[in-house]
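One structure is given here, and the rest of the page talks about it.
The values are calculated or read from the model by the stated rules, or taken from the named source; none is laboratory data. Everything numeric here is computed off the predicted structure, so don't read it as measured data. Neighbour counts run over all protein chains shown; Cβ positions are idealised from the backbone, glycine included.
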């Protein structure tokens, strides 16, 4: 079993990234070590250039994201941690797969429509072919499983379609690529903004008060929780009582996800209590979970030499794993290499 997943290096991780993805990566890492499988986690810096970006910021964010992942528990000795740009096979395989991917398939991708907005003609070609690079990211390593949220299911289905068509067209009875299966995390926590319970917690929100950053210190976390939007009603005794109360539901959901318990259990403990009692408890819980991550991150984030060494070592391992698949794809297409 081989698990492959990536994240764009767009700045500090926040609580939504941690509870929605990174914590599950750490658990998968432990599972793979126990069962003899392997995890490859990459920083998707090639994907990042599909949108306008600042080159200096991208380089800094890539190192900073590596520090954050290590601080969260990704162990470069037990998993392969690297950035795409150090493994040229990602871009090479994307080009090879462009001959198999179909315009109609890409035209159906909702992410391009969302990110290009009303100016589709002004969007980059890289944004349009982004899903083909995503396919290359996982097919390159013969990934058996890929963690996906609701917004990525469509892209994994495309990767499977590309792999199947390539195998059928060029495999001569042999599968060049493994068709990866999705992993739907059992606790795929959907963390919403602290300022708007109907919007996802996001790095792009202009208000820093809308999110808990993994770099926030204890005082900042407590302050953000204290000022989080709520309503005047006390907490109900059952989940049905949270209907129509998105901000309340979000805070209760965060508490449940951190403690690894059900929303039912949280409400049982806090039924009838107001947010004057609940928010301090949630703040303390957040601090207890995030303080060790913050301490590790602060210790590592400015050690450029150590971070570049981690990524370089991971890239060597990734290139070794990618080489056989890339060679097989070239050969299947009849391309002559030296």
Please indicate, with yes or no, whether at least one residue in segment 44-58 is closer than 22 Å to residue 181 by Cα, buried (at least 23 other Cβ atoms within 10 Å of the Cβ) and in contact with a strand residue (DSSP E or B) (Cβ under 7 Å, 6 or more places away or on another chain). yes
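Table: residues versus (1) touching a helix residue (DSSP H, G or I) at 6+ places or on another chain (Cβ under 6 Å); (2) in the same structural domain as residue 6 (by TED's automatic domain parsing); (3) modelled with pLDDT of 95 or more.
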site: 182; (1), (2), (3): yes, yes, no
site: 194; (1), (2), (3): yes, no, yes
site: 201; (1), (2), (3): yes, no, no
site: 212; (1), (2), (3): yes, no, yes
site: 235; (1), (2), (3): yes, no, yes
site: 239; (1), (2), (3): yes, no, no
site: 247; (1), (2), (3): no, no, yes
site: 259; (1), (2), (3): no, no, no
site: 266; (1), (2), (3): yes, no, yes
Exactly one condition in (1) more than 19 Å from the chain's Cα centre (by Cα); (2) at negative phi is not met by residue 172; state its number. (2)
Pick from segment 112-143, criterion free of Cβ contacts under 8 Å to residues at least 60 places away in the same chain, touching a helix residue (DSSP H, G or I) at 6+ places or on another chain (Cβ under 7 Å) and in a helix (DSSP H, G or I), ranking: surrounded by the most Cβ atoms within 10 Å (Cβ to Cβ): 136
Among 92, 77, which is the only one that is loosely packed, with under 13 Cβ neighbours inside 10 Å and either in a helix (DSSP H, G or I) or without any contact (Cβ under 8 Å) to a residue 60 or more places away in the chain (or both)? 77
In this structure, is residue 319 under 24 Å from the mean Cα position of the chain (by Cα), closer than 30 Å to residue 171 by Cβ and in contact (Cβ under 8 Å) with a residue 40 or more places away in the chain? yes
Give the number of residues within segment 175-187 that are touching a residue at least 40 places away in the same chain (Cβ under 8 Å) and out of contact with any strand residue (DSSP E or B) (no Cβ under 9 Å at 6 or more places or on another chain). 3
